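A.B. asks: My questions will all concern the structure given below.
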Amino acid sequence: MRERVVIKWGGGLITEKDTMKTVRKEVLDTLANQLEACLSEGIDVVLVHGAGSFGHLKAKEFRLAEGRQPASTVPSTMSQDEAVKAVRNDMQELNHFVIEALTKYDVSAVCLPPHLWAHNTGADFQGDLTLFESAPKGIVMVTHGDVVDCDPPEEFGILSGDDLVYRLATELSGVQRLVFAMGGVEGVLTGPPTGDDDASKLIETLHKHDAFKGEHLEQLDVTGGIGLKVERGFQTAAHGISVHLVSGEIDGRVRDACLGDDVRGTTLVP
Ligand code: IPE
């Protein structure tokens, strides 16, 4: 059986996180190039991408992660139902940039947006993952964080790409590795990135009970930040899958991590 790798391109990597709907095209290009290199080495790839400024800002403003809320508690410019549609459209727009970058490197990809096939949020969301198994050889299956329908009383909520990668990595056949490509950091740091090297050092090997202080920008982020990645990463590693968090901005680190080569970053040890 061919090796398979699940990759998450973080939203903070592929977009300018605090500027509404701003894509980092040059970053997408280098990531697509690295993904193509993995395919050429004979590895199958399942790609999940985050939302960054195409998801979090509007979702935060209209309280979409909290489910249905009284109309009086959200801005009057849009109803929550309109905001659900708007964020789904914005995510599709971001996904077009992703597919465009892949196409530039001759990678054929098919996207399955979660709002079409997944229900409820968190690690136990419902959805038929076998759709990802059935990709024709050489086709990369892509999905992303999204607003999905939920059981009442929430009615809708945010399904994070971090939950998607955990389920895909542990339920698809032949997955060897899960790689998180991150923006602004080289992996998991001992403290929030401040520019002070002593306060925020890279943790090269992170054990389950090691302490680290992740930065979680609650103002911006409606999902779980680095804490959720690490938690889902350890759940994945418990299944014998190797899990790496690396910079998506430096050299070919994402490619090297996907190929199983030694690379600077954080490896999770269950
Ligand atoms: C969030 O997905 C989805 C929306 C806000 C619509 P992720 O949790 O995977 O996104 P990033 O990587 O943090 O941007």
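A.B. asks: Condition test on Leu168, is it closer than 19 Å to Ile7 by Cβ and in contact (Cβ under 8 Å) with a residue 24 or more places away in the chain?
C.D. replies: Criteria met by Leu168.
A.B. asks: Moving on to the next point. Return a yes/no flag: does the stretch 188-199 have any residue that is farther than 23 Å from Ala65 by Cα, within 16 Å of the ligand (Cβ to nearest atom), buried (at least 21 other Cβ atoms within 10 Å of the Cβ) and at pLDDT below 95.
C.D. replies: Checked against the condition, which is being farther than 23 Å from Ala65 by Cα, within 16 Å of the ligand (Cβ to nearest atom), buried (at least 21 other Cβ atoms within 10 Å of the Cβ) and at pLDDT below 95, the stretch 188-199 yields at least one hit.
A.B. asks: Name the single residue that is farthest from the ligand (Cβ to nearest atom) among those in the stretch 159-177 being of a type in the set (Gly, Ala, Ser) and closer than 16 Å to Val48 by Cβ.
C.D. replies: Result: Ala169.
A.B. asks: Restricting the search to the stretch 66-96, which residues are within 17 Å of Thr15 (Cβ to Cβ) and either among the acidic types (Asp, Glu) or surrounded by fewer than 17 Cβ atoms within 10 Å (Cβ to Cβ) (or both)?
C.D. replies: Hits for the stretch 66-96 are Ala86, Asn89, Asp90, Gln92, Glu93, His96.
A.B. asks: Of the numbered conditions (1) within 26 Å of Val175 (Cα to Cα); (2) surrounded by fewer than 17 Cβ atoms within 10 Å (Cβ to Cβ); (3) away from the ligand (no atom under 16 Å from the Cβ), Trp117 satisfies every one except a single condition; which is it?
C.D. replies: Looking at each condition in turn, Trp117 falls short on (3).
A.B. asks: Looking at the stretch 146-158, is at least one residue at pLDDT below 95, within 13 Å of the ligand (Cβ to nearest atom) and within 16 Å of the chain's Cα centre (by Cα)?
C.D. replies: no
A.B. asks: Would you check which residues across the stretch 97-114 are in contact with a Lys or Arg (Cβ under 9 Å, 6 or more places away or on another chain) and buried (at least 19 other Cβ atoms within 10 Å of the Cβ) and list them?
C.D. replies: Within the stretch 97-114, Ala101 is the sole residue that qualifies.
A.B. asks: Hey, could you check the stretch 83-118 for residues that are touching an Asp or Glu at 6+ places or on another chain (Cβ under 8 Å) and of a type outside the set (A, V, I, L, M, F, W, C) and say which is farthest from Asp29 (Cα to Cα)?
C.D. replies: Here the answer is His115.
A.B. asks: Which of the following residues is of a type outside the set (Val, Ile, Thr), buried (at least 17 other Cβ atoms within 10 Å of the Cβ), outside any loop (DSSP other than H, G, I, E, B) and modelled with pLDDT under 95: Leu245, Leu228?
C.D. replies: Every option except Leu228 fails the conditions.
A.B. asks: For the stretch 68-81, does any single residue satisfy the condition of being charged (D, E, K, R), within 11 Å of the ligand (Cβ to nearest atom), more than 17 Å from the chain's Cα centre (by Cα) and at negative phi?
C.D. replies: no
A.B. asks: So, in the stretch 1-20, how many residues would count as being surrounded by fewer than 24 Cβ atoms within 10 Å (Cβ to Cβ) and either within 12 Å of the ligand (Cβ to nearest atom) or among the hydrophobic types (A, V, I, L, M, F, W, C) (or both)?
C.D. replies: Of the residues in that region, 5 qualify.
A.B. asks: Which of the residues spanning the stretch 21-58 are away from the ligand (no atom under 12 Å from the Cβ) and hydroxyl-bearing (Ser, Thr, Tyr)?
C.D. replies: Within the stretch 21-58, Thr22, Thr30, Ser40 qualify.
A.B. asks: Go through Phe180, Phe156 for me and flag whichever is touching a Cys at 6+ places or on another chain (Cβ under 7 Å) and either loosely packed, with under 13 Cβ neighbours inside 10 Å or closer than 20 Å to Phe54 by Cβ (or both).
C.D. replies: Phe156
A.B. asks: Follow-up. Take the conditions surrounded by fewer than 17 Cβ atoms within 10 Å (Cβ to Cβ) and at pLDDT 95 or above and apply them to Glu133. Does it pass?
C.D. replies: Taking the combined requirement at face value, the residue does not satisfy it.
The values are calculated or read from the model by the stated rules, or taken from the named source; none is laboratory data. All of these numbers come straight from a predicted model, not from anything done at the bench. All Cβ positions, even for glycine, are placed from backbone atoms using ideal geometry, and neighbour counts span all protein chains on display.
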